[in-house]
Amino acid sequence: MKIIADENMPNAKALFSHLGDVELVNGRTITNNQIKDADVLLVRSVTKVTRELLEGSSVCFVGSATIGVDHIDLDYLAEVGIAFSSAPGCNAEAVADYVFSGLSHLYMTKKLSWLSKKIGVIGYGNVGKAVYDRFADLGCHVCIHDPIKEKEGGSANFVSLDEILCCDVISLHAPLTNSGPCPTMGMIGSEELARVSAGVTIISAGRGGVIEENALLERYKQLDGNIHLVIDVWDAEPEINQNLVSIVDIATPHIAGYSKQGREKGTWMVYQALCRHLGLNSHVINKKDAISSGWLSFIDVTAGVSQEEMLARSVQAIYDVARDDVRLRFKYRENKESNVFDWLRKHYVERDELNTCTVRANSNGVSSLIDAVGFSRQ
(Lines give C-alpha, C1' and ligand atoms only; values in the text may rest on other atoms or scores of the structure.)
Protein backbone atom coordinates (compact mmCIF):
# COMPACT_ATOMS: atom_id res chain seq x y z
CA MET A 1 0.00 0.00 0.00
CA LYS A 2 1.29 3.46 -0.89
CA ILE A 3 0.43 6.32 1.47
CA ILE A 4 1.01 9.97 0.56
CA ALA A 5 1.01 12.26 3.60
CA ASP A 6 1.45 15.97 4.25
CA GLU A 7 4.94 16.49 5.65
CA ASN A 8 3.46 18.63 8.43
CA MET A 9 1.42 15.78 9.90
CA PRO A 10 3.23 14.79 13.10
CA ASN A 11 4.02 11.12 13.60
CA ALA A 12 2.77 10.22 10.11
CA LYS A 13 5.60 7.81 9.38
CA ALA A 14 5.64 6.40 12.92
CA LEU A 15 1.92 5.62 12.84
CA PHE A 16 1.28 4.59 9.24
CA SER A 17 4.51 2.82 8.19
CA HIS A 18 3.33 -0.58 9.39
CA LEU A 19 0.37 -0.22 7.00
CA GLY A 20 2.41 0.60 3.90
CA ASP A 21 5.07 2.80 2.31
CA VAL A 22 4.69 6.40 3.53
CA GLU A 23 5.88 9.29 1.34
CA LEU A 24 5.86 12.79 2.84
CA VAL A 25 5.10 15.70 0.49
CA ASN A 26 4.41 19.43 0.55
CA GLY A 27 0.69 19.67 1.19
CA ARG A 28 0.32 23.06 -0.45
CA THR A 29 1.84 22.02 -3.78
CA ILE A 30 0.73 18.39 -4.06
CA THR A 31 -0.22 17.37 -7.63
CA ASN A 32 -2.29 14.73 -9.36
CA ASN A 33 0.88 13.18 -10.72
CA GLN A 34 2.29 12.69 -7.21
CA ILE A 35 -0.70 10.65 -6.08
CA LYS A 36 -1.44 8.72 -9.30
CA ASP A 37 -0.42 5.36 -7.83
CA ALA A 38 -1.24 6.11 -4.18
CA ASP A 39 -3.85 4.16 -2.24
CA VAL A 40 -4.19 6.60 0.66
CA LEU A 41 -3.95 10.40 0.77
CA LEU A 42 -3.44 12.12 4.13
CA VAL A 43 -3.74 15.91 4.19
CA ARG A 44 -4.17 19.00 6.31
CA SER A 45 -6.21 22.12 5.53
CA VAL A 46 -3.74 23.56 2.99
CA THR A 47 -4.50 20.83 0.43
CA LYS A 48 -7.55 21.31 -1.78
CA VAL A 49 -8.83 17.79 -2.35
CA THR A 50 -10.78 18.12 -5.60
CA ARG A 51 -11.71 16.15 -8.69
CA GLU A 52 -8.68 17.66 -10.43
CA LEU A 53 -6.34 16.37 -7.75
CA LEU A 54 -7.77 12.85 -7.50
CA GLU A 55 -9.10 11.99 -10.96
CA GLY A 56 -7.37 8.98 -12.50
CA SER A 57 -5.57 8.09 -9.28
CA SER A 58 -5.86 4.86 -7.31
CA VAL A 59 -6.67 6.66 -4.05
CA CYS A 60 -9.41 4.85 -2.14
CA PHE A 61 -9.13 6.67 1.21
CA VAL A 62 -8.62 10.35 2.05
CA GLY A 63 -7.91 11.42 5.60
CA SER A 64 -7.68 15.02 6.80
CA ALA A 65 -6.01 15.56 10.17
CA THR A 66 -8.09 18.70 10.70
CA ILE A 67 -11.48 19.62 12.09
CA GLY A 68 -12.71 21.55 9.04
CA VAL A 69 -13.66 20.05 5.67
CA ASP A 70 -14.07 23.16 3.50
CA HIS A 71 -10.91 22.09 1.62
CA ILE A 72 -12.47 18.73 0.68
CA ASP A 73 -14.87 18.11 -2.24
CA LEU A 74 -17.04 15.71 -0.29
CA ASP A 75 -19.56 15.37 -3.13
CA TYR A 76 -16.86 14.14 -5.50
CA LEU A 77 -15.51 11.66 -2.96
CA ALA A 78 -19.00 10.26 -2.46
CA GLU A 79 -19.60 10.15 -6.22
CA VAL A 80 -16.54 8.00 -6.92
CA GLY A 81 -16.67 5.96 -3.73
CA ILE A 82 -13.55 7.24 -2.01
CA ALA A 83 -13.75 6.81 1.77
CA PHE A 84 -13.10 9.91 3.86
CA SER A 85 -12.40 10.76 7.47
CA SER A 86 -11.40 13.94 9.27
CA ALA A 87 -10.48 14.65 12.87
CA PRO A 88 -13.33 16.65 14.41
CA GLY A 89 -12.43 18.09 17.78
CA CYS A 90 -8.74 17.17 17.60
CA ASN A 91 -7.58 20.73 18.15
CA ALA A 92 -10.57 22.16 20.01
CA GLU A 93 -8.64 22.50 23.27
CA ALA A 94 -5.67 24.04 21.45
CA VAL A 95 -7.84 26.73 19.86
CA ALA A 96 -9.48 27.46 23.21
CA ASP A 97 -5.97 27.83 24.65
CA TYR A 98 -5.20 30.31 21.85
CA VAL A 99 -8.26 32.40 22.71
CA PHE A 100 -7.31 32.64 26.38
CA SER A 101 -3.67 33.30 25.57
CA GLY A 102 -4.83 36.18 23.37
CA LEU A 103 -6.95 37.58 26.19
CA SER A 104 -4.05 37.08 28.61
CA HIS A 105 -1.79 39.08 26.31
CA LEU A 106 -4.32 41.91 26.08
CA TYR A 107 -4.66 41.97 29.86
CA MET A 108 -0.91 42.00 30.50
CA THR A 109 -0.16 44.64 27.84
CA LYS A 110 -3.28 46.82 27.96
CA LYS A 111 -4.89 45.86 31.28
CA LEU A 112 -7.90 44.81 29.22
CA SER A 113 -10.34 43.27 31.69
CA TRP A 114 -12.61 40.55 30.31
CA LEU A 115 -13.75 38.27 33.16
CA SER A 116 -16.69 40.52 34.01
CA LYS A 117 -17.52 41.49 30.42
CA LYS A 118 -20.08 40.07 28.00
CA ILE A 119 -18.60 37.39 25.74
CA GLY A 120 -20.01 36.36 22.35
CA VAL A 121 -18.94 33.21 20.52
CA ILE A 122 -19.81 32.51 16.88
CA GLY A 123 -19.93 28.84 15.90
CA TYR A 124 -20.87 25.99 18.22
CA GLY A 125 -18.94 23.11 16.72
CA ASN A 126 -16.29 21.26 18.68
CA VAL A 127 -14.07 24.35 18.93
CA GLY A 128 -16.82 26.86 19.63
CA LYS A 129 -18.26 24.59 22.31
CA ALA A 130 -14.85 24.22 23.98
CA VAL A 131 -14.42 28.01 24.03
CA TYR A 132 -17.99 28.61 25.20
CA ASP A 133 -17.73 26.02 27.98
CA ARG A 134 -14.55 27.56 29.36
CA PHE A 135 -16.10 31.01 29.53
CA ALA A 136 -19.24 29.57 31.13
CA ASP A 137 -17.20 27.62 33.70
CA LEU A 138 -15.32 30.82 34.53
CA GLY A 139 -18.65 32.43 35.39
CA CYS A 140 -18.58 34.84 32.46
CA HIS A 141 -21.72 36.23 30.82
CA VAL A 142 -21.33 34.26 27.59
CA CYS A 143 -23.65 33.71 24.64
CA ILE A 144 -23.39 31.79 21.38
CA HIS A 145 -24.60 32.27 17.81
CA ASP A 146 -25.09 29.23 15.61
CA PRO A 147 -28.55 28.97 13.98
CA ILE A 148 -28.00 25.40 12.81
CA LYS A 149 -26.88 24.09 16.21
CA GLU A 150 -29.64 26.08 17.91
CA LYS A 151 -32.25 24.13 15.95
CA GLU A 152 -30.73 20.90 17.28
CA GLY A 153 -31.47 22.05 20.82
CA GLY A 154 -29.25 22.15 23.86
CA SER A 155 -28.75 24.22 26.99
CA ALA A 156 -26.30 26.79 25.59
CA ASN A 157 -27.28 30.46 25.62
CA PHE A 158 -28.09 30.86 21.92
CA VAL A 159 -28.69 34.42 20.71
CA SER A 160 -28.98 36.38 17.47
CA LEU A 161 -25.98 37.72 15.58
CA ASP A 162 -27.11 41.23 16.53
CA GLU A 163 -26.72 40.37 20.21
CA ILE A 164 -23.27 38.90 19.61
CA LEU A 165 -22.20 42.14 17.94
CA CYS A 166 -23.07 44.02 21.15
CA CYS A 167 -20.64 41.95 23.22
CA ASP A 168 -17.34 43.20 24.64
CA VAL A 169 -15.42 40.16 23.36
CA ILE A 170 -16.35 38.39 20.10
CA SER A 171 -14.66 35.07 19.33
CA LEU A 172 -15.19 33.63 15.84
CA HIS A 173 -15.07 29.85 15.29
CA ALA A 174 -17.49 29.29 12.42
CA PRO A 175 -16.60 27.06 9.47
CA LEU A 176 -16.31 28.69 6.05
CA THR A 177 -19.36 27.98 3.87
CA ASN A 178 -20.80 29.85 0.88
CA SER A 179 -24.04 27.89 0.48
CA GLY A 180 -26.71 26.23 2.55
CA PRO A 181 -29.18 27.80 4.98
CA CYS A 182 -26.58 29.84 6.90
CA PRO A 183 -23.53 30.66 4.73
CA THR A 184 -20.66 32.16 6.69
CA MET A 185 -18.59 33.65 3.87
CA GLY A 186 -18.33 37.36 4.66
CA MET A 187 -20.92 37.09 7.45
CA ILE A 188 -19.09 39.80 9.42
CA GLY A 189 -19.00 42.65 6.93
CA SER A 190 -19.40 46.43 6.96
CA GLU A 191 -23.00 46.34 8.17
CA GLU A 192 -22.21 43.98 11.04
CA LEU A 193 -18.99 45.74 12.06
CA ALA A 194 -20.84 49.06 12.18
CA ARG A 195 -22.70 47.65 15.20
CA VAL A 196 -19.63 46.87 17.29
CA SER A 197 -18.66 49.47 19.85
CA ALA A 198 -15.35 51.14 20.63
CA GLY A 199 -13.19 48.96 22.84
CA VAL A 200 -14.49 45.67 21.44
CA THR A 201 -12.14 42.68 21.26
CA ILE A 202 -12.41 40.46 18.18
CA ILE A 203 -10.65 37.10 18.07
CA SER A 204 -10.73 35.33 14.69
CA ALA A 205 -9.56 31.73 14.97
CA GLY A 206 -11.91 29.79 12.73
CA ARG A 207 -11.58 30.34 8.99
CA GLY A 208 -10.41 33.29 6.94
CA GLY A 209 -13.20 34.79 4.86
CA VAL A 210 -15.82 34.79 7.62
CA ILE A 211 -14.86 38.36 8.45
CA GLU A 212 -14.37 40.89 5.64
CA GLU A 213 -10.87 42.24 6.11
CA ASN A 214 -11.32 45.55 4.29
CA ALA A 215 -14.45 46.23 6.32
CA LEU A 216 -12.49 45.50 9.50
CA LEU A 217 -9.77 47.94 8.45
CA GLU A 218 -12.40 50.60 7.78
CA ARG A 219 -14.10 50.06 11.13
CA TYR A 220 -10.71 50.33 12.86
CA LYS A 221 -10.28 53.79 11.31
CA GLN A 222 -13.81 54.82 12.26
CA LEU A 223 -13.13 53.87 15.89
CA ASP A 224 -9.76 55.68 15.89
CA GLY A 225 -8.02 52.40 16.60
CA ASN A 226 -10.02 51.70 19.73
CA ILE A 227 -10.53 48.05 18.92
CA HIS A 228 -8.51 45.01 20.01
CA LEU A 229 -7.76 42.38 17.38
CA VAL A 230 -6.33 38.86 17.61
CA ILE A 231 -6.25 37.38 14.10
CA ASP A 232 -5.10 33.86 13.24
CA VAL A 233 -6.92 33.20 9.95
CA TRP A 234 -6.77 35.24 6.75
CA ASP A 235 -8.91 35.58 3.67
CA ALA A 236 -6.23 34.89 1.02
CA GLU A 237 -3.96 32.40 2.80
CA PRO A 238 -1.04 31.86 2.30
CA GLU A 239 -0.98 35.53 1.28
CA ILE A 240 -1.98 37.70 4.22
CA ASN A 241 -3.24 41.26 4.37
CA GLN A 242 -0.24 43.25 5.58
CA ASN A 243 -2.40 46.32 6.13
CA LEU A 244 -4.42 44.29 8.60
CA VAL A 245 -1.29 42.83 10.21
CA SER A 246 -0.09 46.39 10.86
CA ILE A 247 -3.07 47.26 13.07
CA VAL A 248 -3.80 44.05 14.98
CA ASP A 249 -2.57 43.27 18.47
CA ILE A 250 -1.76 39.67 17.60
CA ALA A 251 -1.20 38.25 14.11
CA THR A 252 -0.49 34.55 13.66
CA PRO A 253 -0.28 32.18 10.64
CA HIS A 254 -3.34 29.94 11.15
CA ILE A 255 -1.78 28.10 14.07
CA ALA A 256 -4.47 28.45 16.76
CA GLY A 257 -4.94 24.69 16.71
CA TYR A 258 -1.24 23.91 16.34
CA SER A 259 -0.54 22.57 19.80
CA LYS A 260 1.72 19.54 19.84
CA GLN A 261 -1.02 17.39 21.32
CA GLY A 262 -3.76 18.77 19.03
CA ARG A 263 -1.81 17.98 15.89
CA GLU A 264 -0.88 14.56 17.22
CA LYS A 265 -4.53 13.86 18.04
CA GLY A 266 -5.45 14.75 14.45
CA THR A 267 -2.99 12.22 13.04
CA TRP A 268 -4.08 9.62 15.59
CA MET A 269 -7.79 10.03 14.72
CA VAL A 270 -7.08 9.61 10.99
CA TYR A 271 -4.90 6.58 11.75
CA GLN A 272 -7.77 4.98 13.67
CA ALA A 273 -10.18 5.74 10.82
CA LEU A 274 -7.89 4.16 8.22
CA CYS A 275 -7.48 1.06 10.37
CA ARG A 276 -11.28 0.76 10.62
CA HIS A 277 -11.55 1.22 6.85
CA LEU A 278 -9.04 -1.57 6.30
CA GLY A 279 -10.60 -3.80 8.93
CA LEU A 280 -7.43 -3.74 11.03
CA ASN A 281 -6.80 -3.39 14.75
CA SER A 282 -5.62 0.16 15.58
CA HIS A 283 -4.38 -0.98 18.99
CA VAL A 284 -1.10 -2.08 17.45
CA ILE A 285 0.02 1.40 18.52
CA ASN A 286 -0.96 2.74 21.93
CA LYS A 287 -2.62 6.17 22.10
CA LYS A 288 -0.28 7.14 24.94
CA ASP A 289 2.65 6.59 22.60
CA ALA A 290 1.02 8.68 19.88
CA ILE A 291 0.17 11.76 21.97
CA SER A 292 2.83 13.55 23.99
CA SER A 293 2.77 14.67 27.59
CA GLY A 294 3.62 18.28 28.33
CA TRP A 295 7.04 19.74 28.99
CA LEU A 296 5.93 21.67 32.11
CA SER A 297 3.71 19.44 34.22
CA PHE A 298 3.19 21.44 37.41
CA ILE A 299 2.80 25.09 38.49
CA ASP A 300 2.35 26.35 42.05
CA VAL A 301 0.37 29.62 42.13
CA THR A 302 0.66 32.02 45.07
CA ALA A 303 -1.72 34.79 46.08
CA GLY A 304 -1.14 38.51 45.68
CA VAL A 305 -2.46 39.39 42.21
CA SER A 306 -5.90 39.87 40.68
CA GLN A 307 -7.80 36.92 39.26
CA GLU A 308 -7.17 38.04 35.69
CA GLU A 309 -3.46 38.51 36.26
CA MET A 310 -3.24 35.13 37.93
CA LEU A 311 -4.97 33.51 34.96
CA ALA A 312 -2.85 35.46 32.47
CA ARG A 313 0.45 34.53 34.10
CA SER A 314 -0.57 30.89 34.40
CA VAL A 315 -1.71 30.64 30.78
CA GLN A 316 1.37 32.41 29.46
CA ALA A 317 3.64 30.06 31.38
CA ILE A 318 2.44 27.30 29.04
CA TYR A 319 1.58 29.30 25.90
CA ASP A 320 2.27 32.97 25.24
CA VAL A 321 0.72 33.79 21.85
CA ALA A 322 2.90 36.90 21.58
CA ARG A 323 5.85 34.70 20.60
CA ASP A 324 3.98 33.60 17.46
CA ASP A 325 3.10 37.20 16.62
CA VAL A 326 6.71 38.36 17.03
CA ARG A 327 7.99 35.51 14.89
CA LEU A 328 5.49 36.25 12.11
CA ARG A 329 6.36 39.95 11.97
CA PHE A 330 10.10 39.23 12.04
CA LYS A 331 9.99 36.63 9.26
CA TYR A 332 7.97 38.94 7.00
CA ARG A 333 10.43 41.79 7.62
CA GLU A 334 13.36 39.45 7.00
CA ASN A 335 11.65 38.17 3.84
CA LYS A 336 14.13 35.37 3.19
CA GLU A 337 11.57 32.64 2.55
CA SER A 338 9.64 32.24 -0.70
CA ASN A 339 6.44 31.56 1.25
CA VAL A 340 6.72 32.99 4.76
CA PHE A 341 3.23 31.90 5.84
CA ASP A 342 3.78 28.24 5.07
CA TRP A 343 7.37 28.36 6.36
CA LEU A 344 6.07 29.54 9.73
CA ARG A 345 3.59 26.67 9.84
CA LYS A 346 6.09 24.07 8.75
CA HIS A 347 8.71 25.28 11.25
CA TYR A 348 6.30 26.05 14.05
CA VAL A 349 7.83 26.15 17.52
CA GLU A 350 5.94 23.42 19.33
CA ARG A 351 3.67 24.32 22.23
CA ASP A 352 1.80 22.22 24.75
CA GLU A 353 -1.87 22.41 25.69
CA LEU A 354 -2.88 23.84 29.06
CA ASN A 355 -4.38 20.48 29.99
CA THR A 356 -0.91 18.93 30.09
CA CYS A 357 -0.13 21.00 33.20
CA THR A 358 -1.56 20.90 36.71
CA VAL A 359 -1.77 24.19 38.60
CA ARG A 360 -1.95 24.16 42.38
CA ALA A 361 -3.49 27.20 44.08
CA ASN A 362 -3.88 28.14 47.73
CA SER A 363 -7.64 28.67 47.66
CA ASN A 364 -10.65 26.82 46.29
CA GLY A 365 -11.82 29.91 44.41
CA VAL A 366 -8.54 30.25 42.56
CA SER A 367 -8.42 26.51 41.90
CA SER A 368 -11.86 26.57 40.27
CA LEU A 369 -10.78 29.39 37.92
CA ILE A 370 -7.59 27.54 37.03
CA ASP A 371 -9.57 24.38 36.24
CA ALA A 372 -12.13 26.33 34.20
CA VAL A 373 -9.55 28.01 31.97
CA GLY A 374 -8.24 24.64 30.83
CA PHE A 375 -5.56 23.32 33.18
CA SER A 376 -5.69 19.79 34.55
CA ARG A 377 -7.09 19.13 38.00
CA GLN A 378 -4.88 17.89 40.80
Item to check | Cα radius of gyration and Dmax for the chain (Å) | outcome: 20.9, 66
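Could you order PHE84, PHE330 so the one with the most accessible surface comes first? Probe is 1.4 Å. Present the calculation step by step, with values, prior to reporting the outcome.
Working: PHE84 65, PHE330 100 Å².
So the residues, ranked largest to smallest area, are PHE330, PHE84.
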Checklist outcome for this item: Here the FRET efficiency for THR50 versus ASN364, based on Cβ atoms and R0 = 41 Å and rounded to 0.05, is 0.15
Checklist outcome for this item: Two pseudo-spin positions, 7 Å from Cα along C-beta at ASN243 and at ALA194, lie apart in nanometres by 1.9 nm
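Report the semi-axes of the equivalent ellipsoid for region 298-373 in whole Å, largest first, where each axis is √(5λ) for an eigenvalue λ of the Cα gyration tensor. Could the numbers behind the result be given before it?
Values: eigenvalues 235, 31, 12 Å².
Over the Cα atoms of region 298-373, the semi-axes work out to 34, 12, 8 Å.
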Checklist entry - What dipole magnitude, in Debye to the nearest 20, does the chain give about its Cα centre under +1 on Lys/Arg Cβ and -1 on Asp/Glu Cβ? => result 800 debye
Item to check | In Å², nearest 10: area of ILE247 left accessible to a 1.4 Å probe | outcome: 30 Å²
Item to check | Residue-normalised accessible area of the chain, expressed per residue, 1.4 Å probe, Å² | outcome: 43 Å²
Checklist entry - How would you rank 90-96, 287-293, highest first, on the average number of other Cβ atoms within 10 Å across their residues? => result 90-96, 287-293
Checklist entry - If we sort 101-108, 320-327 on the protection proxy, mean other Cβ atoms within 10 Å, highest first, what's the order? => result 101-108, 320-327
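Can you check what the Kirkwood hydrodynamic radius comes to for region 91-251, Cα pairs only, in Å to one decimal? Intermediate values should be presented prior to the final figure.
Working: mean 1/r = 0.0638 Å⁻¹.
Computed over region 91-251, the radius equals 15.7 Å.
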Next on the checklist: Name the residue from ASN339, PHE298, ALA312 whose Cα lies farthest towards the positive end of the charge dipole of region 298-373, charges +1 on Cβ of Lys and Arg and -1 on Cβ of Asp and Glu.
Outcome noted: ASN339
Checklist entry - Extension gain TRP295-HIS18, at 0.36 nm per residue separation less the Cα-Cα distance, in nm? => result 96.9 nm
Checklist entry - Hey, if you drop one equal point scatterer on each alpha-carbon of region 211-325 and run the Debye formula without solvent, what base-10 log of I(q)/I(0) do you get at q = 0.18, 0.21 Å⁻¹? => result -1.01, -1.12
Item to check | Stretch gain in nm, segment GLN307-ASN33, where the contour uses 0.36 nm per residue and the Cα spacing is subtracted | outcome: 93.0 nm
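Counting only protein heavy atoms, what percent of the accessible surface of region 91-251 is carbon or sulfur at a 1.4 Å probe?
Working: 2880 of 6300 Å².
So the carbon and sulfur contribution to the accessible surface is 46 percent.
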Checklist outcome for this item: Here the gain from full extension of SER155 to SER338, 0.36 nm per residue of separation minus their alpha-carbon distance, amounts to 61.1 nm
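The values are calculated or read from the model by the stated rules, or taken from the named source; none is laboratory data. All values derive from a computational prediction rather than experimental measurement. As a convention, Cβ positions derive from the backbone with ideal geometry for all residues, glycine included, and neighbour counts pool all protein chains shown. Note: areas computed on protein heavy atoms with side chains; ligands, DNA, RNA excluded. Shrake-Rupley method; radii C 1.70, N 1.55, O 1.52, S 1.80 Å.
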